[in-house]
Amino acid sequence: MTVDWRGRTILITGGSGGMGRATADLFLEAGGNVALADIDAQRLAAYGEANRAAGDRLLAVTADVTRVADCERMVAATLARFGQLDVLINAAGVWVEGPSDEATEAEWDRTIDINLKGTFFACRYAIPALEKTSGVILNIASDAGLLGNAGAAIYCASKGGVVLLTKAMARELAPRGVRINAICPCDVETPMLEFQAATYGGGDPDGYRKRLLSIYPQGDRARFVRPEEVAEFVFQMASPKLAPVTGAALSIDFGTTAGN
Ligand SMILES: NC(=O)c1ccc[n+]([C@@H]2O[C@H](COP(=O)([O-])OP(=O)(O)OC[C@H]3O[C@@H](n4cnc5c(N)ncnc54)[C@H](O)[C@@H]3O)[C@@H](O)[C@H]2O)c1
């Protein structure tokens, strides 16, 4: 039996990003109400334009998740439009890398504020509404939240934090009927990966991509995860039928974190 998403509401932060859009596509297709929150108003508008057929079922909220007031406002706007919240997906995030002894305070603050603080405060304001629907939170963490990644200490700290806040909240929210899980993908073909290769590839983005793929156990068959594959996983994990799954950090990473 498939879940009937009609009348249910999904709020996605980072909603105009690669994984956010792919996930929104699936929930819209399934008949759900989708609220997309993102700092990038232009890309939100472009998604709305491309999905005009969704009509009133699609809401765009320009929001900066580093601002606690914006986290509160995006939840309030979602409830004002749709009346309930069933799923919160935290997909807003940024990548940063480089030697730790060259890192700046600005890099630390931006990464931790978006990836970790933003995730926490989106949850914080969504919890009361999710309690009413026995809803679910899915936090997009990373394989870098499970294993140390040389040259990405700040990003790892942010995503490791997301994994552990997810587990702590799972214990806290279980008596209130709210589930929460972390999704931990490896490299996904999204604008973030393009940004990484362009910014940190030393002028050789293809070489950067090859270096990433060289640690995958698939050898010559290695490829990056597609955003649609993460979206499918998230969509399935949001199902109210998966009641026992809470507090998990679920890998979608071709086995890169499974061992050596
Ligand atoms: N792409 C990868 O390889 C990869 C791998 C593992 C985990 N992740 C994580 O998955 C999530 C989704 O990333 P993606 O690959 O779709 O990247 P993306 O860059 O396509 O999307 C990220 C979105 O977050 C938004 N955002 C950034 N700062 C924000 C802020 N302050 N407030 C609100 N929105 C903000 C961006 O505008 C963008 O739309 C991120 O948390 C990322 O860290 C990505």
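Here, each number is a calculation from the coordinates, and none is a lab measurement. The shown structure was predicted, so the numbers you read here are calculated from the model rather than taken from an experiment. A quick note on method: Cβ atoms are made from the backbone with ideal geometry, for glycine too, and the neighbour counts reach across all protein chains shown.
Points to keep in mind about this one:
- Within the range 78-135, considering residues that are among the acidic types (Asp, Glu) and free of Cβ contacts under 8 Å to residues at least 60 places away in the same chain, the one farthest from TYR200 (Cα to Cα): GLU131
- Helices (runs of 4 or more DSSP H) completely within the range 174-255 that count 3 or more residues being in contact (Cβ under 8 Å) with a residue 40 or more places away in the chain: 191-200, 227-237
- Qualifying residue in the range 181-202 (condition: surrounded by fewer than 16 Cβ atoms within 10 Å (Cβ to Cβ) and aromatic (Phe, Trp, Tyr)): yes
Matching residues to (1) exposed (fewer than 15 other Cβ atoms within 10 Å of the Cβ); (2) touching a strand residue (DSSP E or B) at 6+ places or on another chain (Cβ under 7 Å):
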position: ASP220; (1), (2): yes, no
position: GLU232; (1), (2): no, no
position: MET237; (1), (2): no, yes
position: PRO240; (1), (2): yes, no
position: ASN260; (1), (2): yes, no
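- Residue selected from the range 3-52 under the condition among the aliphatic types (A, V, I, L, M) and farther than 16 Å from VAL87 by Cα, by the criterion farthest from the ligand (Cβ to nearest atom): ALA50
- The range 142-165 residues that are without any contact (Cβ under 8 Å) to a residue 40 or more places away in the chain and within 23 Å of ASP101 (Cβ to Cβ), paired with ones that are within 11 Å of the ligand (Cβ to nearest atom) and among the hydroxyl-bearing types (Ser, Thr, Tyr) (beta carbon under 6 Å, 6 or more apart): ALA144/TYR155
- Candidates CYS123, CYS71: the one that is buried (at least 16 other Cβ atoms within 10 Å of the Cβ) and touching a helix residue (DSSP H, G or I) at 6+ places or on another chain (Cβ under 6 Å) is CYS71.
- Residue selection: LEU79 fails the criterion of being more than 10 Å from the ligand (Cβ to nearest atom), crowded, with 21+ Cβ neighbours inside 10 Å and not in a loop (DSSP other than H, G, I, E, B).
- Residue in the range 154-170 that is under 20 Å from THR256 (Cα atoms) and of a type in the set (Phe, Trp, Tyr) present: yes
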